[in-house]
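The values are calculated or read from the model by the stated rules, or taken from the named source; none is laboratory data. This is a predicted model, so every value here is computed, not measured. Note that each Cβ is placed from the backbone with ideal geometry, even for glycine, and that neighbours are counted across all protein chains shown. To get the accessible areas, we keep the full protein, side chains included, count just its heavy atoms, and leave off ligands, DNA and RNA. Shrake-Rupley method; radii C 1.70, N 1.55, O 1.52, S 1.80 Å.
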Amino acid sequence: MRPNILHLFTDMQRFDTIHALGNPVIRTPNLDRLCSEGVAFTQAFSPSPVCISARCSMITGQYPMHTGCYENTLMPVDGRTTFMGELHDHGYDTHGIGKCHFTPDRFALRGFDAREVQEEGAESIENLDRHHYLQYLRDRSYTHISEPHGIRGEMYYIPQPSQLPQEDHPTTWVGDRTIEFLGQEHVQPWYLFSSFIHPHPPFTPPVPWHKLYRSAQMPDPDTPEDSEELLTFVNRIQNRYKYGDQGANRYLIRSMKAYYYACISYVDYQIGRILQTLESSGQLDSTLILFSSDHGELLGDYHSFGKRSMHDASSRIPMILQYPGRFEGGRTCDTPVSLVDIAPTFLAAAGCDERSVSTHPLDGKDMYKILTGEETRETVFSQLSYECVMAERGINPAQRHVLQAPDAHAHLSTYMAVTREWKYIYSAADDKEFLFDRRKDPKEHRNLAEVELCQDVKHTMKRRLTAHLTEGGETYGLTGTGEWKSFPKLEINSDPYAGLLIQDDYTPWADMSLPKEYGD
């Protein structure tokens with residue numbers, strides 16, 4: 001019998017935010033339940049630590065070198081099959097609820113039979129009927145709220161209680177719509193993608209969840225003395241546009257963490273409601289459940305904020321699977337896995353050929369075979385190319401010409417190879433290597449790339465990464481002999497006001513005009 005598949009997904013959730021997996025502060029009883037009944041893959045990584053690129057790799061089962069999507073840019077529009085499309089072709093009812101972050105068409109199906117859309121930002125009032133959550137808010141007379149997912153721009157990293165009551169919060173809506181879908185009668189197996197926008201900033205839990213954690217009791221960020229040497233150009237420019245490079249306020253960072261944790265706990269509460277629905281409807285034992293996230297959040301670690309970093313805080317993600325007879329027993333697995341492994345895992349469980357979809361071979365492996373040892377896996381990879389509008393605004397003006405160069409994509413790339421024991425990173429924008437001993441230095445405080453005793457392992461990891469890129473045709477940043485192509489080091493704009501983030505994405509009904517005497 002083919003299982004139903006429930007795919008629970010969050011945005012920007014760090015790997016270390018589950019109580020059962022070692023976080024003594026956060027409360028996640030329902031994710032703890034999945035850990036106790038299923039399998040937690042404790043060394044899971046994003047193939048690209050940024051939203052759209054990570055999701056593109058997940059749905060296609062391919063690394064960015066094959067999708068061509070390395071940032072919050074365009075997903076391929078060449079008709080390639082997603083795993084949802086493959087499941088549909090094999091008789092599954094495929095349904096999406098919440099955030100998909102598809103580009104260039106945010107309303108595209110990409111293999112779903114139907115979607116219930118909840119995305120940040122909006123468009124014209126004419127498209128309101130396609131924004132299902134916004135339509136729900138309008139029908140409930142919330143037209144006084146201009147930014148239902150939290151106030152962005154200057155407030156992007158300022159913790160803030162949601163303007164919406166708990167019953168109408170965006171996280172509740174995804175939970176409610178999921179429960180509604182599970183209560184329907186289905187004549188064929190289903191795949192359901194339930195995707196929560198939280199804990200992505202702004203950190204906006206509903207009342208009273210904003211008081212679940214108190215800032216004075218939250219742990220400080222991890223800030224080693226030489227944090228600056230552990231950052232890359234991408235981190236520095238991101239800190240600038242997220243208003244995070246002009247000095248740290250530890251009280252504020254603790255409050256950010258408190259609200260970030262509250263957002264995760266509120267998602268966990270919805271997951272509990274969903275599990276209860278599966279149980280009471282008799283569907284739990286016939287449903288493969290997977291919980292994961294697209295990437296993490298630095299949250300003040302290394303005096304840095306956001307994503308786009310290959311440090312664990314940003315690139316490492318939770319990955320929990322539960323299904324009787326396949327993923328069970330409260331086990332953990334420390335073999336490295338990736339979001340690219342989700343496609344072959346789902347297809348194998350559904351009785352499809354897990355090695356490919358109809359348009360391309362898959363880069364990932366079935367995680368059940370990894371768990372049982374039928375498939376071996378030593379290394380997973382990640383790549384980000386900082387090709388976005390914020391690069392142009394924040395880079396040193398004297399260097400902006402590099403953004404139009406034919407090799408700009410490679411110049412702006414950061415690459416990673418990671419095993420259980422070691423992590424190797426190369427930042428082309430800094431022309432700098434990083435090497436971390438993950439067993440002896442799990443917090444990644446010491447870059448060993450120039451340590452004489454570590455040269456053999458550095459070269460092994462480097463060769464593994466460059467061979468992976470060469471095999472995939474990602475050779476823009478390599479010389480003919482497989483060495484890193486040396487680019488000029490990039491610098492951010494010295495003007496502290498250059499490139500600050502403004503995201504004034506208001507609901508279509510919002511009237512943001514002021515009385516004429518107050519101005520422009």
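Some observations on this one:
- Lone qualifier among Thr359, Thr376 - being on the phi < 0 side of the Ramachandran plot, of a type in the set (S, T, N, Q) and touching a residue at least 24 places away in the same chain (Cβ under 8 Å): Thr359
- Annotation: of all residues in segment 320-350 being of a type in the set (Val, Ile, Thr) and open to solvent by 10 Å² or more (accessible area, probe 1.4 Å), the one that is nearest to Val380 (Cα to Cα) is Thr335.
- Checklist (1) more than 24 Å from the chain's Cα centre (by Cα); (2) not in a loop (DSSP other than H, G, I, E, B) applied to Glu225, failing item: (2)
- In segment 486-520, the residues that are touching a residue at least 60 places away in the same chain (Cβ under 8 Å), farther than 30 Å from Asp129 by Cα and open to solvent by 70 Å² or more (accessible area, probe 1.4 Å): Pro488, Lys489, Glu491, Ser494
- Restricting segment 85-117 to residues that are out of contact with any strand residue (DSSP E or B) (no Cβ under 8 Å at 6 or more places or on another chain) and open to solvent by 60 Å² or more (accessible area, probe 1.4 Å) leaves a set whose member that is nearest to Arg177 (Cα to Cα) is Asp105.
- The set of residues from segment 448-473 being within 26 Å of the chain's Cα centre (by Cα) and buried (at least 16 other Cβ atoms within 10 Å of the Cβ) comprises Met461, Lys462, Arg464, Leu465, Thr466, His468, Leu469, Gly472.
- Glu120 meets all of the listed conditions (1) of a type in the set (Asp, Glu); (2) crowded, with 21+ Cβ neighbours inside 10 Å; (3) touching a Lys or Arg at 6+ places or on another chain (Cβ under 9 Å) but one, namely (2).
- Selected residue (criterion: most open to solvent (accessible area, probe 1.4 Å)) from residues of segment 395-435 that are modelled with pLDDT under 95 and of a type in the set (D, E, K, R): Arg400
- The number of residues in segment 392-409 being without any contact (Cβ under 8 Å) to a residue 24 or more places away in the chain and either touching a helix residue (DSSP H, G or I) at 6+ places or on another chain (Cβ under 8 Å) or within 16 Å of Asn447 (Cα to Cα) (or both) comes to 5.
- Just one of the listed residues (Pro221, Pro202) is open to solvent by less than 60 Å² (accessible area, probe 1.4 Å), within 30 Å of Ile289 (Cβ to Cβ) and touching a residue at least 12 places away in the same chain (Cβ under 8 Å), and it is Pro202.
- Qualifying residue in segment 484-498 (condition: at pLDDT below 95, of a type in the set (D, E, K, R) and over 22 Å from Met390 (Cα atoms)): no
- Filter pass, His186 being within 30 Å of Thr60 (Cβ to Cβ) and in a loop (DSSP other than H, G, I, E, B): yes
- Test set (1) open to solvent by less than 60 Å² (accessible area, probe 1.4 Å); (2) among the acidic types (Asp, Glu); (3) more than 23 Å from Ser293 (Cβ to Cβ) - Asp353 fails condition number: (1)
- The condition (being farther than 21 Å from Pro47 by Cβ and open to solvent by 40 Å² or more (accessible area, probe 1.4 Å)) is satisfied by just one residue among Gly300, Gly247, Gly272: Gly247.
- Listed by first and then second residue, the pairs linking a residue in segment 410-421 that is free of Cβ contacts under 8 Å to residues at least 60 places away in the same chain to a residue that is open to solvent by 10 Å² or more (accessible area, probe 1.4 Å) and in a strand (DSSP E or B), with Cβ atoms under 7 Å apart and 6 or more places separating them unless they lie on different chains, are Ala417/Phe381.
- Residue that is surrounded by the most Cβ atoms within 10 Å (Cβ to Cβ), among those in segment 228-244 that are in a loop (DSSP other than H, G, I, E, B) and at pLDDT 95 or above: Thr232
- Segment 268-286 residues that are closer than 19 Å to Thr17 by Cβ and in a helix (DSSP H, G or I), paired with ones that are of a type in the set (Asp, Glu) and open to solvent by less than 60 Å² (accessible area, probe 1.4 Å) (beta carbon under 9 Å, 6 or more apart): Asp268/Asp32; Gln270/Asp176
- Number of residues in segment 1-57 that are assigned to a loop (DSSP other than H, G, I, E, B), open to solvent by 10 Å² or more (accessible area, probe 1.4 Å) and closer than 20 Å to Tyr368 by Cβ equals 4.
- Any chance Gly183 is on the phi > 0 side of the Ramachandran plot, more than 20 Å from the chain's Cα centre (by Cα) and surrounded by fewer than 17 Cβ atoms within 10 Å (Cβ to Cβ): no
- Only one of the listed residues (Tyr476, Tyr386) is open to solvent by 50 Å² or more (accessible area, probe 1.4 Å), in contact (Cβ under 8 Å) with a residue 12 or more places away in the chain and of a type in the set (Phe, Trp, Tyr). That residue is Tyr476.
- Residues being among the small types (Gly, Ala, Ser) and either buried (at least 24 other Cβ atoms within 10 Å of the Cβ) or under 27 Å from Thr73 (Cβ atoms) (or both) - total across segment 275-297: 3
- Within segment 493-513, the residues that satisfy the criterion of being aliphatic (A, V, I, L, M) and either out of contact with any Phe, Trp or Tyr (no Cβ under 7 Å at 6 or more places or on another chain) or closer than 26 Å to Tyr142 by Cα (or both) are Ala498, Ile502, Ala510, Met512.
- Matching residues, segment 177-189, being touching a residue at least 60 places away in the same chain (Cβ under 8 Å) and in contact with a strand residue (DSSP E or B) (Cβ under 9 Å, 6 or more places away or on another chain): Arg177, Thr178, Phe181, Leu182, His186, Gln188, Pro189
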